[in-house]
Amino acid sequence: MFGYVTPLKDELKVREFEAFKAYYCGLCSHIKQNFGQLPRMVLNYDLVALALLLDGLSPNKAYVQKRSCMVHPVKSKPMIVNNEALDYAASMNVSLAYYKLLDDVEDERNLKSEAFASLLKPYSSKFSPDVVKVNHLIERELKNLHVLEKNKDFDSIDEISHPSSLIVANILKHYPYSFENDSPELREQLFDFGYALGKWIYVIDALDDLEKDMKTGQFNPIVILYNHEDLSYETLVKKIREPISFTLLNCGYNCSHLLKALPLKRHRVLLHNIINLGMMDKYNKIISPCAHHCKGGK
């Protein structure tokens, strides 16, 4: 997960944006409390959105306190404290970063990733027993993704994005705490929502990195699937604009549709903003260079 799932600030009321920041600071605080200072360096906005969703289904009230931190040592900031959803999001944040670094080391023999993974390794022993099952799923699907990317053995964007989709789907489905009116049906709804969101994140990241990856020769699924003729970036973006946009917009629609059906007790307006406005804003900003090239702009 890469920090693409964020609100569109201009369309939020002040209190709504303050609520988002309180959860963001709360996630940072929960990482420090549960794992220590160093893992706060891998803080990811996407996990804030997932925490808001999970907390919105929780029967428990959220508590806010003003606290100072390493980034803001003088002025205290409102943050959510003692929160089950943020506890879980903190574990998932560290887990995703740790296993992704291990995958990078295996994939690229990246010394920087190897060094940081070594620094994070002691913190992996601090995962609670409740999240071990999900950690195994994350590790397994990242290995599956590694094999697909290494062998370039895939025929569609759906196939290559499947492991990432399953990671987000299972993070939501296997939340270790109880929801209000919890049920197998609700857990499957969360799985479907996470699957669509995970695919959107994978594809938007590939599109965002496309030009850089073409210059450096790094792996990019869009290149493997659509650039058999060794096209220039400008020509390739014309070719892929329609199919990639269809995938992204379809994932966004599915997320929006599934969000409406979830029995949220709170955060509906904020989550609506993130899914319907924030994600679309990210899409428009990333796809805009493609539109520029497609029109032959200078």
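Looking at the chain as a GNM with Cα springs under 10 Å, which of Leu190, Leu248, Leu12 has the largest mean-square fluctuation?
Checking each option, the largest mean-square fluctuation is seen for Leu12.
Assign one of three labels to segment 206-279, namely rounded, prolate or oblate, based on the Cα gyration tensor with a ≥ b ≥ c the square roots of its eigenvalues; rounded applies when a/c is under 1.5, prolate when it is not and a/b is larger than b/c, and oblate otherwise.
prolate
Based on the mean of other Cβ atoms within 10 Å per residue, sort peptides 260-269, 42-51 so the most packed one is first.
42-51, 260-269
Quick one: with all protein chains in place, what share of the accessible area of the chain is carbon or sulfur, to the nearest percent (1.4 Å probe)?
52 percent
Looking at this model, which pairs from Lys75/Lys285; Lys173/Lys238; Lys32/Lys265; Lys13/Lys66 are more than 31 angstrom apart at the alpha-carbon?
Lys75/Lys285; Lys173/Lys238
Using Cα pairs under 8 angstrom and six or more residues apart, how large is the relative contact order of segment 121-208, in percent?
31 percent
Report the Cα-based extents of the chain along its three principal axes, largest first, to the nearest Å.
Largest first, the chain extends 56, 45, 41 Å along its Cα principal axes.
Which lysines, if any, have their Cα less than 18 Å from the Cα of Lys150, not counting same-chain residues under 8 positions apart?
Within reach: Lys100.
For the chain, set up a Gaussian network in which alpha carbons nearer than 10 Å are linked by springs, and say which option among Val134, Val14, Val74 fluctuates the most.
Evaluated over the chain, the most mobile residue of the options is Val74.
What length, rounded to one decimal in nm, is gained on full extension from Val269 through to His174, with 0.36 nm per residue of separation minus their alpha-carbon distance?
31.8 nm
Run the dipole for segment 1-44 about the Cα centre, Lys and Arg Cβ at +1, Asp and Glu Cβ at -1, nothing else charged, and hand back the magnitude in debye, nearest 20.
About 180 debye.
For the chain, what does the helix formula give at 222 nm: sum of -39500 (n - 2.57) over DSSP H segments with n ≥ 4, over the residue count, nearest 500 deg cm²/dmol?
For the chain, the value works out to -21500 deg cm²/dmol.
DSSP loop GluC sites (Glu not before Pro) in segment 174-267 with at most 14 other Cβ atoms within 10 Å of their Cβ, which ones?
Listed in order of number, the matching sites are Glu180, Glu229.
Gaussian network model of the chain, Cα springs within a sub-10 Å range: biggest mean-square fluctuation belongs to which of Asp208, Asp192, Asp155?
Of the options given, Asp155 has the highest mean-square fluctuation.
I need the trypsin sites (Lys or Arg not before Pro) found in segment 16-83, filtered to DSSP loop residues with at most 15 other beta carbons within 10 Å of theirs.
Lys61, Lys75
The values are calculated or read from the model by the stated rules, or taken from the named source; none is laboratory data. Computed from a predicted structure; not experimentally measured. For neighbour counting, all protein chains shown are included, and Cβ atoms are generated from backbone atoms with ideal geometry for every residue, glycine included. Surface accessibility is based on the protein's heavy atoms, side chains included, excluding ligands, DNA and RNA. Shrake-Rupley method; radii C 1.70, N 1.55, O 1.52, S 1.80 Å.
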